[in-house]
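Scroll down for the structure; my scribbles are underneath it.
The values are calculated or read from the model by the stated rules, or taken from the named source; none is laboratory data. In this text, all values refer to a predicted model and were calculated from it rather than measured experimentally. Quick reminder, even Gly has a Cβ in these numbers, built from the backbone with ideal geometry, and neighbours come from all protein chains shown.
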Amino acid sequence: MINYIWAFLILVSIVVSAFTGRIDQVANAAIKSSNEAITMVLTLCGAMCLWSGLMKIAEEGNLVKVLSKLLYPVTKRLFREIPQKSQAMGYIVMNIVANILGMGNAATPLGIKAMEELDKLNGKSARASCAMCTFVVLNTASIQLIPANMIALRMQAGSSNPSEIIVPVWITSFITLISVLLCAKIHEKMDS
Amino acid sequence: MNVITLLSNLAMPVVIFFIIASGLMNNVNLFEAFTRGAKEGLKTAYNIAAPLVGLMVAIGMFRASGALDLIVHAISPVCNFLKIPPEIMPLALMRPISGSASLAIAKDILTTYGADSLIGKIASILMSSSETTFYTITVYFAAVSATNYRYSLKSSLLGDLVVVFASVAVCRILFS
C-alpha cells in the first residue's frame, strides 16, 4: 500500500506543478524535504536516546508496572493480543502517559520504540498487526490534556481568554478519538 | 492561565523525577540502565532515517505542488453546503500533512480574524484536537517491517474529517 501512496504523492505533485507553474518549487521541495528529514532524525536522536534510556530505568524500577496496572482497563480493550507484561505494552503505556501530559518530544520516541516491540511480536511481518494499527490510529488523534502551545499562541494574538478552548478541545478530541478507534475496531472485526 | 503554563512546564521534570526516584528505590543500576537504553534509541533513530527521507520528500513535493489549493477550491461548494466556514479549510487540509505549516496557517487565522472570533476559536480547537496524521504514520511505520498499513490510514483520515465537523459544531453550540 505504501508503494501506491508514495507513487501517488510524487506523480500527482509533478503533474499538478506542471499546470500550476510550480515545477521548480517541487524540485526544490524534494531536496529541502530530504534535508529536513535528516535534520528531524538528528533532532529526534537526542530525545530518542534520552527517553529510551529513562524508559530502561522505568522498566527495571517499578514505574512501568504501576502505570500499566493503572491503564490496564483501557489497554486490555485496545490491545487485546498484547500481553500486559510485555515490553511493547510498557512503551505503549508510557507513550499514552506522555501524550496525555503533552510531552510531544517524549511521546514520539516512546511510540517508535513501542512500534519496534510490536514488530517483534508480529514476527517482523510485512502486514501490520491489529495492535500496530490501533496504536498508530490512537497517536494520530489528540489525547493531550492541556493544549499549551495553542493557548500560548492565543495569548500572543491578544485573546481575552486564551484558555477558554480547553473544554471544547476535550469534547472535540473525545468525539474524534472515539470515532477513529471505533473505525479501527470495526475493521479489525471485519478482517478476522 | 499562569497555572496552566506552570502545569505544562512541570510535566516533563516531574515525570523524569519519578522515573529516577522509582529506579533508585528499586535498586536499579541507574546509569548503566540509562546508557543501555540510550544506545537502543540511537539504533532506532538510524533505522527510521531512510524511510523518513523517502516519505518526507513525497509529502514535501505534494505540499509545494499547489495540489492542496486545487482541493480547497474544488470542495468549497461542499463546505458552504455543510455550513463549515471556508476560512478554516486551508487549516483543515494542511493539519494532517504538516505540523509547522498548519501552525503557520493557524497563527495567520488568529491575527486576521482575531483569536476570540468564531473562526479563531474554531481554528484553535481544530488545531489542538488533532495531530499531524501523515507525520505520525510515517515516523511510526518507519520503525517496523510492515509495508501493508491495513486500515490505519483510513481510520486516521476519518479522524481528520470528524475533527473538522466536531470543532465547528462544538464551537457553534458553546460560543454562539
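Got a sec? Which of A:ASN28, A:ASN62 is modelled with pLDDT under 90 and facing another protein chain (nearest Cβ under 9 Å)?
Values: A:ASN28 fails: modelled with pLDDT under 90.
That would be A:ASN62, the only listed residue that is modelled with pLDDT under 90 and facing another protein chain (nearest Cβ under 9 Å).
Out of the residues in the stretch B:112-139 that are assigned to a helix (DSSP H, G or I), within 7 Å of chain A (Cβ to nearest Cβ) and in contact (Cβ under 8 Å) with a residue 24 or more places away in the chain, which is nearest to A:VAL180 (Cα to Cα)?
B:THR133
Kindly indicate which of A:THR108, A:THR20 is buried (at least 22 other Cβ atoms within 10 Å of the Cβ) and modelled with pLDDT under 95.
Being buried (at least 22 other Cβ atoms within 10 Å of the Cβ) and modelled with pLDDT under 95 holds for just one of A:THR108, A:THR20, which is A:THR108.
Please verify whether the stretch A:170-185 includes one or more residues that are under 22 Å from B:LEU158 (Cβ atoms) and among the charged types (D, E, K, R).
Checked the stretch A:170-185: at least one residue is under 22 Å from B:LEU158 (Cβ atoms) and among the charged types (D, E, K, R).
In the stretch A:167-189, how many residues are surrounded by fewer than 18 Cβ atoms within 10 Å (Cβ to Cβ) and closer than 17 Å to B:ALA106 by Cα?
Total meeting the criteria: 0.
Every residue in the stretch A:145-157 that is buried (at least 20 other Cβ atoms within 10 Å of the Cβ) and more than 7 Å from chain B (Cβ to nearest Cβ), please.
Those that are buried (at least 20 other Cβ atoms within 10 Å of the Cβ) and more than 7 Å from chain B (Cβ to nearest Cβ): none in the stretch A:145-157.
Let me confirm something: among A:SER192, A:SER160, which residue is farther than 22 Å from B:THR133 by Cβ, surrounded by fewer than 19 Cβ atoms within 10 Å (Cβ to Cβ), more than 8 Å from chain B (Cβ to nearest Cβ) and modelled with pLDDT under 95?
A:SER192
Suppose we keep only residues that are surrounded by 24 or more Cβ atoms within 10 Å (Cβ to Cβ) and either hydroxyl-bearing (Ser, Thr, Tyr) or in a helix (DSSP H, G or I) (or both) within the stretch B:142-167. Which one would you say is farthest from the other protein chains (Cβ to nearest Cβ)?
Residue satisfying both the conditions and the ranking: B:VAL164.
With the structure loaded, tell me whether B:ILE59 is in a helix (DSSP H, G or I), more than 7 Å from chain A (Cβ to nearest Cβ), among the hydrophobic types (A, V, I, L, M, F, W, C) and touching a residue at least 12 places away in the same chain (Cβ under 8 Å) or whether it fails that test.
Values: in a helix (DSSP H, G or I): yes; more than 7 Å from chain A (Cβ to nearest Cβ): no; among the hydrophobic types (A, V, I, L, M, F, W, C): yes; touching a residue at least 12 places away in the same chain (Cβ under 8 Å): yes.
Against the criterion (in a helix (DSSP H, G or I), more than 7 Å from chain A (Cβ to nearest Cβ), among the hydrophobic types (A, V, I, L, M, F, W, C) and touching a residue at least 12 places away in the same chain (Cβ under 8 Å)), B:ILE59 does not qualify.
For the stretch A:83-97, name all the residues that are surrounded by fewer than 23 Cβ atoms within 10 Å (Cβ to Cβ) and in contact (Cβ under 8 Å) with a residue 24 or more places away in the chain.
Residues satisfying the conditions are A:SER86, A:GLN87, A:VAL97.
Can you tell me which of B:ALA21, B:ALA33, B:ALA11, B:ALA49 is modelled with pLDDT of 90 or more, among the hydrophobic types (A, V, I, L, M, F, W, C) and crowded, with 19+ Cβ neighbours inside 10 Å?
Being modelled with pLDDT of 90 or more, among the hydrophobic types (A, V, I, L, M, F, W, C) and crowded, with 19+ Cβ neighbours inside 10 Å holds for just one of B:ALA21, B:ALA33, B:ALA11, B:ALA49, which is B:ALA33.
Residues that are facing chain B (nearest Cβ under 7 Å) and either surrounded by fewer than 19 Cβ atoms within 10 Å (Cβ to Cβ) or over 28 Å from A:VAL41 (Cα atoms) (or both): does the stretch A:127-141 have at least one?
Filtering the stretch A:127-141 for residues facing chain B (nearest Cβ under 7 Å) gives A:127-128, A:132-133, A:136-137, A:139-141.
From what's left, either surrounded by fewer than 19 Cβ atoms within 10 Å (Cβ to Cβ) or over 28 Å from A:VAL41 (Cα atoms) (or both): A:127.
Yes, the stretch A:127-141 has at least one match.
For B:ALA106, state whether it is at the interface with chain A (Cβ under 9 Å from one of its Cβ atoms) and among the aliphatic types (A, V, I, L, M).
yes
Okay, residues lined up against (1) within 7 Å of another protein chain (Cβ to nearest Cβ); (2) farther than 27 Å from A:MET40 by Cα; (3) not aliphatic (A, V, I, L, M):
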| residue | (1), (2), (3) |
| --- | --- |
| B:ILE19 | yes, no, no |
| B:GLU40 | yes, no, yes |
| B:ALA74 | no, yes, no |
| B:LYS83 | no, yes, yes |
| B:ALA92 | no, no, no |
